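A short worksheet on the structure shown next.
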Amino acid sequence: MSENLSRPGLAFGAGAYLVWGTFPLLMNALRPAGALEITAHRAVWSVLVCFVIVAVMRGWRRLRAALVNRRTLGVLAVAAFFIAINWLIYVYAVVTDHVNSAALGYYINPLFTVALGVIFLGERLRRLQVVAIGIAVAAVVVIGVGLGEFPWIALALATSFGLYGLIKKRVGGSVDAITGLTVETLVLLPVALVGLWWIQETGRGTFGERGEEGLGLGHDLLLMSTGVFTAGALLLFAAGARRLPLYVTGLLQYIAPTLMFILAVWHFGEPMPVSRCIGFILVWVALVVLTVDGWRGRPRRGVARVEPAEPV
C-alpha cells in the first residue's frame, strides 16, 4: 500500500464517516427529546468537548487568534448559522422517520457542491459533471412527483451543508478543524442555552427529567454524548484527510449516506415506494458518473471538482 493510501489514513477517514453514518441510531435513541432540544444539547456539549481537546492539543493560541480576527470570526459565525440549520434538519429527519430523506440529501451534496463552485467561484463544468447534475435533478423530480410533495428535507440538507462548506473555504487552511468547530459552537452557545431554557420552561425538556419511560441518567448521558461524537468524528476526519489524497476522501464520503440508507430501510423500516427507488438509483448513477469524471483526471485550477464532505 502506498504512502498516500496508508492504513491509518484509511482507518481514520472511514471511521469518521462510519460515525456520521450511524448517527441516526444515536438520535433515535434520544427520543422523546425533540429536534430542537437535541440540536441545542449537541452545540452545548460540543463546546465543552472542544475545550478539552484544545487544552490537550495546546491550541489556545490558535483559538485566540481566530476569535480576535474579525474576518475569521465573521466567516465562522456565518458558517455556524448554516451548520446549525443542517444539524436541526438532520435531527428532525431522524426523529420524524425521514432518515431516507437525510441519506438522499447527503448523496446529493457532492453534486450540489459542484454547482455551487460554478455559481460562486466561477469554476467550469466538465461534460460528465453536467450529465451527473442533470441526472440528479431528474432524480429529485421523480421522487417529488412520486411522493406528491417537495423533497425539502433532502434539498435543505444538501443546500445548508453545501453553503457551509463554501463559506468554510473563505478561511482556508488558516483555521484547523477543532479550532473552527470550537469557534462555531461558541457562536451557537448563547442561542443553544436560551433554547434549552425555553424548552425547560415550557415543559418540553427531557434532560434531568425522571419518571417517564426512556428518561433517566442514561438518557442524560446520551444527550451529553452528542458533543463527544461530534468532535470525535471531526478529529478522525481531520486525521484521515491529512494522510489521504483528495480523491480517496471524496470516495469515502459516500459511506455515511449509504449507512443511513441501509438503516432507514432495514432497521427503521421506512417505506421505499417505486418512485423513491427510481430516484435513488438515478442519484447513484449520477454519483458513478461524477466519480468516473474524477478518475479520468486530477482536478485542474478553474475546473469544478468534488470536495470531501466535512462533519454533519
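The values are calculated or read from the model by the stated rules, or taken from the named source; none is laboratory data. This structure is a prediction, so every number in the text was calculated from the model and none was measured. Heads up, the Cβs are rebuilt from the backbone with ideal geometry, glycines too, and the neighbour counts pull from every protein chain shown.
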Hey, can you tell me all the residues within region 28-70 that are without any contact (Cβ under 8 Å) to a residue 40 or more places away in the chain, on the phi < 0 side of the Ramachandran plot and over 23 Å from the mean Cα position of the chain (by Cα)? Ala55, Val56, Trp60, Arg61, Arg64, Ala65, Val68, Asn69, Arg70
The lone exception for Ile108 - which of (1) modelled with pLDDT under 85; (2) surrounded by 21 or more Cβ atoms within 10 Å (Cβ to Cβ) it fails: (1)
Picking from Leu163, Leu186, Leu223, Leu157, the residue that is buried (at least 19 other Cβ atoms within 10 Å of the Cβ), modelled with pLDDT of 90 or more and touching a His at 6+ places or on another chain (Cβ under 8 Å) would be Leu223
Pairs please, first residue from region 109-138 and on the phi < 0 side of the Ramachandran plot, second anywhere and crowded, with 20+ Cβ neighbours inside 10 Å and among the polar types (S, T, N, Q), Cβ atoms under 6 Å, 6+ apart in sequence or on different chains. Val114/Gln129
Thr202: passes all of (1) surrounded by fewer than 20 Cβ atoms within 10 Å (Cβ to Cβ); (2) in contact with a helix residue (DSSP H, G or I) (Cβ under 7 Å, 6 or more places away or on another chain); (3) of a type in the set (Ser, Thr, Tyr) but (2)
Restricting the search to region 195-215, which residues are over 11 Å from Pro32 (Cα atoms), in contact (Cβ under 8 Å) with a residue 60 or more places away in the chain and small (Gly, Ala, Ser)? Gly195
Hey, among Ile83, Ile153, which residue is among the aliphatic types (A, V, I, L, M), closer than 26 Å to Gly34 by Cβ and touching a Gly at 6+ places or on another chain (Cβ under 7 Å)? Ile153
Starting from region 218-231, keep only residues that are more than 10 Å from His41 (Cβ to Cβ), then list their pairs with residues that are basic (Lys, Arg) whose Cβ atoms are within a distance under 9 Å, requiring at least 6 positions of separation or different chains. Phe229/Arg42; Thr230/Arg42
